[in-house]
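*Asks:* Below you will find the structure I want to go over with you.
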Amino acid sequence: MKVRLSKKAIEDGVLRVWVDRIPEQGGIVYAFTEESLKLNKPIGFASLYGRGPGSSAKQRSMLYFILEPDLLNKELQVDSELILKLSGSEEGEYLDIELNVIEVE
Amino acid sequence: MTTIAKLNFLRKRAGLPLIRFDLMRLRDEDIQDLREAYFAMYEISDLAPGDRRGYFAHARGHGYDLDLCHDDNRLFLTWHRSYIYSFEKALNSALQWARNDTELELTLPYWDWTQYAAATHAPNGIPRVLNDEVYDDVNGLETFNPLSSAPSLYRRVGLGLSGDDEWTTRAPARLRSEIPQLENEVARYLSNPNFYAFQSDLDFGAHGMVHVVVGGSDPNSRLPFPSGDMSRLVSAAFDPLFWLHHCMCDKVWADWQALWPNSNVPQHVLDSVVYDGRLGRDLIDNEHTLRYIYSEDSVEAAIGAIGTSAAPPLVSISAAASKTTPIDLGTVEGGFVRAELEFHKLRPPKESFEVRVYVDNPNCTASTGYKSGGYAGRAVFFGHGPCHGAPGHCNPELAHRDRYDLRSKHPLRYDHTRYRIDITRGLRKFIGRKKSVDNLCVYLVIVDESGKQVAQDALIYDQCSLRTYAHA
């Protein structure tokens with residue numbers, strides 16, 4: 001899935017991606033630029049504390065990405081597109097993920 | 001030695017708030033108290049899963065199977081403050097139960113996950129006290145460490161696992177490398193005076209990260225996801241480390257409150273009811289309402305600050321019971337519109353039975369019936385039944401509540417009970433047209449479910465009085 005960097009994210013150095021309901025799955029979500037994806041090297045990550053199977057929890061959830069300061073206003077600019085992927089069970093394995101994003105800060 | 005549990009008992013007696021310490025500050029005896037308290041909670045849950053002093057009764061409230069948490073992310077801080085408060089009180093109740101010592105006030109320590117030291121932490125970043133599966137007890141015997149893993153109701157009942165698979169697991173390979181980042185993050189959150197912004201960054205930042213990296217990645221996990229219990233909210237609270245992690249989150253909030261004393265807490269947070277029925281507004285002031293504070297200092301420093309006390313323990317004075325058979329009501333005047341026999345501090349009975357009241361009939365029995373013989377009225381008591389908890393569960397004397405323990409009262413407390421039996425018609429009939437009757441006595445017949453009369457001591461109360469009402 002893809003998100004675009006907001007002005008606030010560039011100013012804060014933190015990208016906040018709000019999801020409408022806490023997902024069942026969990027793990028580490030990695031962020032890539034198109035270039036870094038080719039190299040399989042994420043530029044940031046966030047934890048996804050999922051609800052787990054059987055839970056009826058329905059709260060909003062947020063992915064909290066700390067952006068690399070060296071990349072701000074260089075590779076990472078307002079409206080830059082980021083590709084989000086979920087950690088796989090193998091080292092360096094990244095899986096596609098789809099979340100119902102309601103807001104990007 | 002003055003342990004933390006003893007120190008806090010002294011502080012409570014002195015009217016001071018209890019102290020929650022950094023886990024790394026605990027001495028061997030304090031760690032032993034913590035281990036024993038956790039183990040006692042597991043034991044209580046094994047004896048009776050529903051016993052509120054037990055581990056399952058609390059852990060299941062987070063995600064399995066009561067699923068009380070995570071419906072409103074705006075209540076993250078108040079919900080968890082209330083949650084670990086109730087857990088902490090149960091932890092202390094369990095230690096008191098295990099030690100048969102009521103003069104203990106064990107508090108939950110916080111695990112400061114922004115710190116790491118090779119001498120005290122496992123290479124994976126978890127303090128050894130929480131990480132190592134075994135420890136050497138006072139006799140040098142290798143003993144299971146109940147802080148490293150706990151039995152999980154989610155695993156046992158939800159997933160049908162048994163044996164070793166019932167116990168929580170962790171795969172924290174990534175935790176240690178995250179620790180420096182967590183320290184930076186906490187500093188960042190503390191700099192933001194906006195409550196919701198501070199809360200959501202802590203919730204979905206460091207708090208979530210610790211959950212996910214402690215659970216870690218484990219392809220061989222017996223859970224329906226490839227990681228340990230901490231990584232999903234349905235299972236997380238069964239990990240014993242969960243409570244110390246959330247104690248740290250609560251401390252970060254307390255630190256933020258100290259930094260920003262004039263920051264507004266949103267009305268929605270103040271007005272919302274959270275875990276154990278507490279209102280958000282009653283959870284804001286941890287020091288004065290909940291009676292606890294955090295300390296980064298050593299336990300010795302806190303002991304030095306309070307001094308030692310040689311004062312004898314407080315002894316409660318119990319009221320003398322004046323149970324009487326017959327029950328002498330003295331002079332009773334007629335002309336009332338309603339008359340009730342009122343029992344004060346009546347102990348909720350274990351068995352179900354019927355209590356019949358007869359006026360001026362010392363020979364009344366179960367066969368006297370309702371039509372004659374001075375019958376005045378009756379009440380049927382619905383007994384609470386045999387104890388379904390661990391030993392001590394149905395003893396309200398072991399569940400003392402005060403301003404240091406705001407859990408709901410024990411259901412069998414009798415301090416404020418007032419049971420009334422309407423005896424209007426029978427008493428009116430007896431008094432008839434007289435203005436008053438002197439030395440009026442009533443008699444009780446107690447009948448069990450089979451109609452058989454049982455001994456008078458089935459009904460235990462402190463006092464009985466007649467309450468009459470006149471026309472306004």
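*Asks:* Between the stretch A:15-83 and the stretch B:417-472, what is the C-alpha centre distance in whole Å?
*Replies:* After rounding, the separation between the Cα centres reads 71 Å.
*Asks:* Among B:Thr331, B:Thr365, rank each residue by its count of other Cβ atoms within 10 Å, from fewest to most, as a rough exposure measure.
*Replies:* Details: B:Thr331 9, B:Thr365 14.
Arranged by neighbour count, lowest to highest, B:Thr331, B:Thr365 become B:Thr331, B:Thr365.
*Asks:* So what is Rg over Rh here for the stretch B:40-154, counting just Cα atoms and using Kirkwood for Rh? Could the numbers behind the result be given before it?
*Replies:* On the way: Rg = 16.0 Å, Rh = 16.1 Å.
Ratio value, two decimals: 0.99.
*Asks:* So, one more: On full extension of the chain, what length is gained from B:Asp282 through B:Leu16, given 0.36 nm per residue of separation minus the C-alpha to C-alpha distance? List each step's numbers first, then the result.
*Replies:* On the way: separation 266, 0.36 × 266 = 95.76 nm, distance 1.84 nm.
Computed gain between B:Asp282 and B:Leu16 is 93.9 nm.
*Asks:* Over what distance in Å are the Cα centres of the stretch B:36-100 and the stretch B:334-412 separated?
*Replies:* 31
*Asks:* Now for a different question. Given only helices, namely DSSP H runs of n ≥ 4 each adding -39500 (n - 2.57), what is the per-residue ellipticity at 222 nm of chain A, to the nearest 500 deg cm²/dmol?
*Replies:* Mean residue ellipticity, 222 nm, calculated: -2000 deg cm²/dmol.
*Asks:* Under a point spin-label approximation (7 Å from Cα along Cα-to-Cβ), what is the B:Gln181-B:Gln32 distance to one decimal in nm?
*Replies:* 4.0
*Asks:* Here's a follow-up. If each residue's Cβ is checked for other Cβ atoms within 10 Å, how do B:Arg378, B:Arg155 rank with the fewest at the top?
*Replies:* Least to most surrounded, the residues fall as B:Arg378, B:Arg155.
*Asks:* So which aspartates and glutamates can B:Lys429 reach, going by Cα to Cα under 16 Å and dropping same-chain residues fewer than 8 places off?
*Replies:* Partners within reach: B:Glu333, B:Glu340, B:Asp360, B:Asp438.
*Asks:* I've got another one for you. When a/c is below 1.5 the answer is rounded, else prolate if a/b is larger than b/c, else oblate, so apply that to the stretch B:327-469 with a ≥ b ≥ c taken from the square roots of the Cα gyration tensor eigenvalues.
*Replies:* Working: a/c = 3.12, a/b = 1.70, b/c = 1.83.
Oblate is the answer for the stretch B:327-469, as a/c is 1.5 or above yet b/c matches or exceeds a/b.
*Asks:* To continue, here is another question. Quickly estimate the mean residue ellipticity at 222 nm for chain B, helices only: each DSSP H run with n ≥ 4 gives -39500 (n - 2.57), and the total goes over all residues, rounded to 500. Intermediate results must be reported in sequence, preceding the final value.
*Replies:* Values: 12 runs with 135 residues, N = 472.
Roughly -8500 deg cm²/dmol at 222 nm, from the helical runs in chain B.
*Asks:* In percent, how large is the relative contact order of the stretch B:327-469, given Cα pairs closer than 8 Å and 6 or more residues apart?
*Replies:* Details: 283 pairs, mean separation 70.3, N = 143.
Taking the mean separation of contacting Cα pairs over the length of the stretch B:327-469, I get 49 percent.
*Asks:* Which order results if B:Ile4, B:Ile31 are arranged by neighbouring Cβ count within 10 Å, fewest first? Walk me through the intermediate numbers first.
*Replies:* Working: B:Ile4 27, B:Ile31 18.
Going from least to most buried by this count: B:Ile31, B:Ile4.
*Asks:* Please identify the GluC sites (Glu not before Pro) of the stretch B:91-165 that satisfy two criteria: DSSP loop assignment and at most 14 other Cβ atoms within 10 Å. Which are they?
*Replies:* B:Glu103, B:Glu133
*Asks:* For chain B, what relative contact order do you get, as a whole percent, if you take Cα pairs closer than 8 Å and at least 6 residues apart?
*Replies:* Numbers: 828 pairs, mean separation 84.0, N = 472.
Averaging sequence separation for qualifying contacts and normalising by length gives 18 percent for chain B.
*Asks:* Shifting gears a bit: Report, in listed order, any pair from A:Lys41/A:Lys85; B:Lys251/B:Lys409; A:Lys8/A:Lys58; A:Lys8/B:Lys251 with a Cα-Cα distance greater than 23 Å. Could you put the intermediate results ahead of the total?
*Replies:* On the way: A:Lys41/A:Lys85 11 Å; B:Lys251/B:Lys409 27 Å; A:Lys8/A:Lys58 27 Å; A:Lys8/B:Lys251 28 Å.
In this structure, B:Lys251/B:Lys409; A:Lys8/A:Lys58; A:Lys8/B:Lys251 exceed 23 Å between Cα atoms.
*Asks:* Give the angle, between 0 and 90 degrees and rounded to the nearest 10, that separates the Cα long axis of helix B:241-259 from the longest principal axis of the Cα atoms of chain B.
*Replies:* Compared with the principal axis, the helix lies near 90 degrees.
*Asks:* Let me ask something additional. Under a Cβ-Cβ cut-off of 10 Å, what is the net charge of the residues other than B:Val269 that fall near it, where Lys and Arg count +1 and Asp and Glu count -1? Don't jump to the answer; show the numbers that get you there.
*Replies:* Details: positive: B:Arg74, B:Arg281; negative: B:Asp72, B:Asp271.
Residues near B:Val269 contribute 0 overall.
*Asks:* Here's a follow-up. Kindly state, as a whole number, the per residue volume in cubic angstrom of the convex hull around the alpha carbon atoms of chain B. Walk me through the numbers on the way to the answer.
*Replies:* On the way: hull volume 92.9 nm³, N = 472.
That works out to 197 Å³ per residue.
Here, each number is a calculation from the coordinates, and none is a lab measurement. Given the structure is predicted, the values throughout are model-derived calculations rather than measurements. Positions of Cβ are generated from backbone atoms using ideal geometry, with glycine treated the same way; all protein chains shown enter the neighbour counts.
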